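Report on the structure given below.
The values are calculated or read from the model by the stated rules, or taken from the named source; none is laboratory data. Since we're looking at a predicted model, the values are computed, not measured. We place every Cβ from the backbone using ideal geometry, glycine too, and count neighbours over all the protein chains shown.
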Ligand SMILES: *Cc1c(COP(=O)(O)O)cnc(C)c1O
């Protein structure tokens, strides 16, 4: 990684930069070159680079103030940003300077990069999307702030012990964080509980508790360093750090209770919410970061515009899923209680300012809070929600909605224990509600939001997700980037859709050779990494078949594993056939309380142990479960993938973005007609993707009419044998019943259609084998994938949000 995809644009000369690093080492870290350890060089490198970034940052902020431009505010519970050094160097065009400066001291940039912890402030696609969006916003020169929580431990670190997932705290801040800037002066009091008092005409909320939210800023550099935006993460501290009287009376722990309470707010992402205390903590976290962000946005506005009524002209607030949807009530509270607006006017301003992105149709993922909890924690917000609700229900009645529709639209779920519906709140409080892929958006209209869509037919729109080509092509795959530049020039570096120029060269054998050489080198690098970290030897000439994503039943890692077992059987029964050597690579975390997902991880590891040590498969099949899947691991695996597994039960994956990253790096997709797979197929063409399985409509039909998986299992010999082998303990001789229930679920109801899709999936896999035998054809298809997925750049997605939702330039 010694070169930029582009030549330097604003860097000082190498020797000058080198001198700067040494100055930083001396004056900021307090060491000279002789005393400096690797970690000191790492910090000095980032501080030195940061100095160049800061100049751009201040300049960007100044430009926004001068022009009075509208700002975009992206509120998200997650920002899965990963490492920043390579990204910032590349976007600033300073990779070569850094490389040369470090080399002058006998240091290797690649080694320095490995010292950076992976900022795991997210769980999966939703958090990574937020990170890609931040980079694209800066690239498109749109003034923007990301708002979230500065989790001290973030998402857990996954270890695999005896094949089981074990969760450990992620200590990414253990050595400090050279990227962040404490903005102690930027702080807000966030209240919880207490009572609402009516005084004269005014309403006053007297919270029972308060914590202080203070800002910690990280600069986000856009491509070619055009603009630097701010990721503002909130940290919590008590108003009273210690109760000295209690401490001196001997109650040393009790005296620090407030500190602990504040701490727990910013400790981990998604604390388990199986207990009432866990639920309450989740709601507190959501309100904490949302309220701090909304107060910051409103403060910034009134500081420069004297009229709160112009907020929608200067601010666009995007809610990334429902986690920040209490923003609607908080913004209304500020309008009414702090700025004296009437409800009607406040409501119109709120809707003009706010917009909401839905990320899932899974009913269990649609947030709602027990009403008593919500009312106790946020009594004033509860009143506001009631006021909004009666307004909405009046509108619904006027529009002729029947009782069933009215109760579906209501912000309060009255069907059992009363609950506050956060998705409905976000929907009614926003002028735009978007899905993240075409199919998902259509299903939103027909399912979860059918009734709200009926009442507000203009509100739902689609914005198909994207990924930043900087991180997911230029930085993670410099070899491929070089080959593409040599083939079609540099235009694609600034406009990913220019990758289409590769189409004309797809059948050019010479380009195919060069793309294949790069792919092989990436596979060798991944194989080396896996040999070093897991002591498993992989053949880089085998087909690398990759399924990397959170472990969830709807994503169907289990379908892949069942097919793996079937293939294993086949290879052993017919050793004489010409099998295509395969490496099955799995990676992903399971939610700590999700029993079946954790069992799937164990199954992958059980199958891996058995298959990898069976001499009778002669190395034709290897199975690897790579622990602790995160952004950095994705950056290693994706450039080395031949086949991308996107096999969710149709209708259940909102979009997927892993599918885009893999296609962009020349992997062929095997997938269902789900999420963005459909749009990928539309662009790369039917011949360059392998589609199988039921459609979303067929899945819905089967579920509605009752379907008998037993019949399917009986009719498929291969499936039946694979299921029996797993259920009877062939892969778990130490506990033969381990998978009986998991496999029993397939026989009983097969909710995720593993049995229903098996034959079609297995046939598709054999078709993949046949394609692989024709290497020239495979390479041409890989090139056509790279050429036609430039549209899935998050630059395109952000440009659409800017034009259709935010109304910014
Ligand atoms: C892209 C990405 C995801 C999302 O993957 P999907 O296949 O779309 O679910 C999750 N985690 C990480 C680390 C990623 O980079």
task: Evaluate region 259-267: report whether one residue or more is part of a loop (DSSP other than H, G, I, E, B) and either buried (at least 22 other Cβ atoms within 10 Å of the Cβ) or within 27 Å of the chain's Cα centre (by Cα) (or both).
output: yes
query: If we only count helices (runs of 4 or more DSSP H) wholly inside region 396-476, which ones have 1 or more residues that are without any contact (Cβ under 8 Å) to a residue 24 or more places away in the chain?
result: 403-409, 438-446, 450-455
query: What is the one condition in (1) within 16 Å of the ligand (Cβ to nearest atom); (2) closer than 25 Å to residue 767 by Cα; (3) surrounded by fewer than 19 Cβ atoms within 10 Å (Cβ to Cβ) that residue 591 does not satisfy?
result: (2)
- request: Note down all Cβ pairs under 6 Å where the first residue falls in region 652-673 and is without any contact (Cβ under 8 Å) to a residue 12 or more places away in the chain and closer than 13 Å to residue 437 by Cβ, the second is part of a loop (DSSP other than H, G, I, E, B) and within 11 Å of the ligand (Cβ to nearest atom), and they're at least six residues apart or on different chains.
  value: none
message: Going through 487, 496 one at a time, which residue ends up being surrounded by fewer than 20 Cβ atoms within 10 Å (Cβ to Cβ) and either over 30 Å from residue 719 (Cα atoms) or within 28 Å of the chain's Cα centre (by Cα) (or both)?
response: 487
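Please verify whether region 30-45 includes one or more residues that are within 16 Å of the ligand (Cβ to nearest atom) and either modelled with pLDDT of 95 or more or surrounded by 21 or more Cβ atoms within 10 Å (Cβ to Cβ) (or both).
No, because not a single residue in region 30-45 is within 16 Å of the ligand (Cβ to nearest atom) and either modelled with pLDDT of 95 or more or surrounded by 21 or more Cβ atoms within 10 Å (Cβ to Cβ) (or both).
Yes/no per residue for (1) in contact with a strand residue (DSSP E or B) (Cβ under 6 Å, 6 or more places away or on another chain); (2) surrounded by fewer than 21 Cβ atoms within 10 Å (Cβ to Cβ); (3) at pLDDT below 95; (4) closer than 28 Å to residue 801 by Cα:
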position: 407; (1), (2), (3), (4): no, yes, no, no
position: 416; (1), (2), (3), (4): no, yes, yes, no
position: 421; (1), (2), (3), (4): yes, no, no, yes
position: 428; (1), (2), (3), (4): no, no, no, yes
position: 434; (1), (2), (3), (4): yes, no, no, yes
position: 439; (1), (2), (3), (4): no, no, no, yes
position: 442; (1), (2), (3), (4): no, yes, no, yes
field: Filter pass, residue 746 being closer than 26 Å to residue 674 by Cα, in contact with a helix residue (DSSP H, G or I) (Cβ under 8 Å, 6 or more places away or on another chain) and surrounded by 22 or more Cβ atoms within 10 Å (Cβ to Cβ)
entry: yes
- request: Would you check which residues across region 146-184 are touching a residue at least 60 places away in the same chain (Cβ under 8 Å), out of contact with any helix residue (DSSP H, G or I) (no Cβ under 8 Å at 6 or more places or on another chain) and in a strand (DSSP E or B) and list them?
  value: 154, 157, 158, 159, 167
task: Would you mind stating whether residue 693 is over 24 Å from residue 640 (Cβ atoms) and either buried (at least 16 other Cβ atoms within 10 Å of the Cβ) or in contact with a helix residue (DSSP H, G or I) (Cβ under 9 Å, 6 or more places away or on another chain) (or both)?
output: yes
message: Quick check on residue 809: is it at pLDDT below 95 and not in a helix (DSSP H, G or I)?
response: yes
task: Look through region 75-115, keep the residues that are within 16 Å of the ligand (Cβ to nearest atom) and part of a helix (DSSP H, G or I), and return whichever of them is farthest from the chain's Cα centre (by Cα).
output: 86
